[in-house]
1. Pairs under 8 Å by beta carbon, first residue in the same structural domain as VAL99 (by TED's automatic domain parsing) and among the aromatic types (Phe, Trp, Tyr) in the stretch 116-134, partner in a helix (DSSP H, G or I) and surrounded by 14 or more Cβ atoms within 10 Å (Cβ to Cβ), six or more apart or different chains?
2. Take the residues of the stretch 43-72 that are of a type in the set (Asp, Glu) and farther than 18 Å from ALA20 by Cβ: which is modelled with the lowest pLDDT?
3. Considering each residue of the stretch 1-28, count those that are among the polar types (S, T, N, Q) and outside any helix (DSSP H, G or I), and give that number.
4. Taking ASP31, is it assigned to a helix (DSSP H, G or I), farther than 22 Å from ARG4 by Cα and acidic (Asp, Glu)?
5. Taking the options ARG59, ARG110, name whichever one is loosely packed, with under 13 Cβ neighbours inside 10 Å, assigned by TED's automatic domain parsing to the domain that holds ILE23 and part of a helix (DSSP H, G or I).
6. Among the residues of the stretch 1-41, write down those that are of a type in the set (Gly, Ala, Ser) and either closer than 24 Å to PHE52 by Cβ or at pLDDT 85 or above (or both).
7. All but one of (1) buried (at least 16 other Cβ atoms within 10 Å of the Cβ); (2) not in a helix (DSSP H, G or I) hold for PHE44, so report the exception by its number.
Amino acid sequence: MNIRNYLPAIVLISAALFFAYDIVADLLDDDESFAHIAVELLVFIAMSLVLFRELHQVRQLNREISEQQSRMARLSGDLMVVMQSQFVQWCLSPSESDVALLLIKGLSMREISELREVKEKTVRQQATSIYAKSGYAGRHELVAHFIEDLMNVGGEG
């Protein structure tokens with residue numbers, strides 16, 4: 001929960017409580033005129049209506065955020081399935097598939113070798129094999145293959 005989303009509602013609740021207290025105090029004090037109390041009551045009602053609208057809008061925005069996060073998670077999972085399927089079609093070994101994922105994520109050859117605890121030369125050989133099996137000249141073309149898929153899926157929906 002982000003407090004910024006609720007800040008307008010908190011301000012309105014505070015103001016509404018103040019006006020409610022003031023109205024009750026004015027009613028208990030016989031010195032206030034009916035017009036004064038009526039104006040404060042109208043302001044209180046207006047603020048309450050705005051408050052309910054704000055709270056409804058915050059709930060709706062939170063629901064939309066949750067739906068978008070869920071959609072992004074599905075798309076991310078779907079992309080992973082598509083990538084793994086493509087790796088199988090290219091006949092990549094499990095090690096090559098791991099390296100391909102790390103290449104697509106943007107890790108350097110050194111970072112991949114350190115992460116996989118192998119020599120950088122091994123990673124370079126696996127990358128060369130990945131490019132040969134995929135038919136792409138390098139990392140940029142490999143990444144572009146999957147970005148293009150995402151753009152096509154986004155355009156169809």
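The values are calculated or read from the model by the stated rules, or taken from the named source; none is laboratory data. Predicted, not measured: the structure shown is a model, and the values here were computed from it. Cβ placement follows ideal geometry from the backbone for every residue including glycine, while neighbour counts extend to all protein chains displayed.
1. Matching pairs, first to second residue: TYR131/LEU142.
2. Taking the stretch 43-72 and keeping what is of a type in the set (Asp, Glu), we get 54, 64, 67.
Filter once more, keeping what is farther than 18 Å from ALA20 by Cβ: 64, 67.
Working: GLU64: 90, GLU67: 84.
Among those that are of a type in the set (Asp, Glu) and farther than 18 Å from ALA20 by Cβ, it is GLU67.
3. 1
4. Values: assigned to a helix (DSSP H, G or I): no; farther than 22 Å from ARG4 by Cα: yes; acidic (Asp, Glu): yes.
Against the criterion (assigned to a helix (DSSP H, G or I), farther than 22 Å from ARG4 by Cα and acidic (Asp, Glu)), ASP31 does not qualify.
5. Working: ARG110 fails: assigned by TED's automatic domain parsing to the domain that holds ILE23.
The unique qualifying residue is ARG59.
6. Of the stretch 1-41, the ones of a type in the set (Gly, Ala, Ser) are 9, 14-16, 20, 25, 33, 35, 38.
Selection gives ALA9, SER14, ALA15, ALA16, ALA20, ALA25, ALA35, ALA38.
7. (2)
To keep it simple, each residue is scored yes or no on (1) in contact with a Pro (Cβ under 6 Å, 6 or more places away or on another chain); (2) modelled with pLDDT of 95 or more; (3) surrounded by 13 or more Cβ atoms within 10 Å (Cβ to Cβ).
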position	(1), (2), (3)
VAL81	no, no, no
VAL99	no, yes, yes
TYR131	no, yes, yes
ARG139	no, no, yes
